[in-house]
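The values are calculated or read from the model by the stated rules, or taken from the named source; none is laboratory data. Note that the structure is a prediction, hence the values are computed from the model and not measured. Reconstructed Cβ throughout: ideal geometry from the backbone, glycine too, with neighbour counts over all protein chains shown.
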């Protein structure tokens, strides 16, 4: 799986490579369950958050035990200032489809 990590899209705006930081942790090889969990988190949390605040930069989102103890390491930055506030009616519409 490692040879394809740069191409795995978790959601419309997030790629798996953003969560793995393979440059710093080359042994960071997620299981299929971890990829499914990250995909779920992107769709449930990060995509709606991106819609509200604008760009989100992922600096770390997963580390296997070999890379850093238990596989929990979510870190991200929100680029500020955000785009103009979205239409609240559109936000409710987006959230109701999830």
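Within the stretch 76-88, does at least one residue satisfy the condition of being in a strand (DSSP E or B) and either modelled with pLDDT of 85 or more or closer than 15 Å to residue 19 by Cβ (or both)? Yes, there is a match, as at least one residue in the stretch 76-88 is in a strand (DSSP E or B) and either modelled with pLDDT of 85 or more or closer than 15 Å to residue 19 by Cβ (or both). For the subset of the stretch 22-51 comprising residues that are in a helix (DSSP H, G or I) and in contact with a helix residue (DSSP H, G or I) (Cβ under 7 Å, 6 or more places away or on another chain), which member is nearest to residue 11 (Cα to Cα)? Result: 38. Of the residues that make up the stretch 42-49, is at least one modelled with pLDDT under 90, buried (at least 18 other Cβ atoms within 10 Å of the Cβ) and under 25 Å from residue 95 (Cβ atoms)? No: the stretch 42-49 contains no residue that is modelled with pLDDT under 90, buried (at least 18 other Cβ atoms within 10 Å of the Cβ) and under 25 Å from residue 95 (Cβ atoms).
One residue stands out in the stretch 25-39 among those that are in contact with a strand residue (DSSP E or B) (Cβ under 9 Å, 6 or more places away or on another chain) and either under 27 Å from residue 92 (Cα atoms) or modelled with pLDDT under 85 (or both): the one that is surrounded by the most Cβ atoms within 10 Å (Cβ to Cβ), namely 38. Taken across the stretch 10-24, residues that are surrounded by 15 or more Cβ atoms within 10 Å (Cβ to Cβ) and on the phi > 0 side of the Ramachandran plot do occur, with at least one present. Of everything listed in (1) within 30 Å of residue 94 (Cα to Cα); (2) in contact (Cβ under 8 Å) with a residue 12 or more places away in the chain; (3) in contact with a helix residue (DSSP H, G or I) (Cβ under 6 Å, 6 or more places away or on another chain); (4) outside any strand (DSSP E or B), the single unmet condition for residue 58 is (4). For the condition in a helix (DSSP H, G or I) and over 12 Å from the mean Cα position of the chain (by Cα), residue 66 qualifies.
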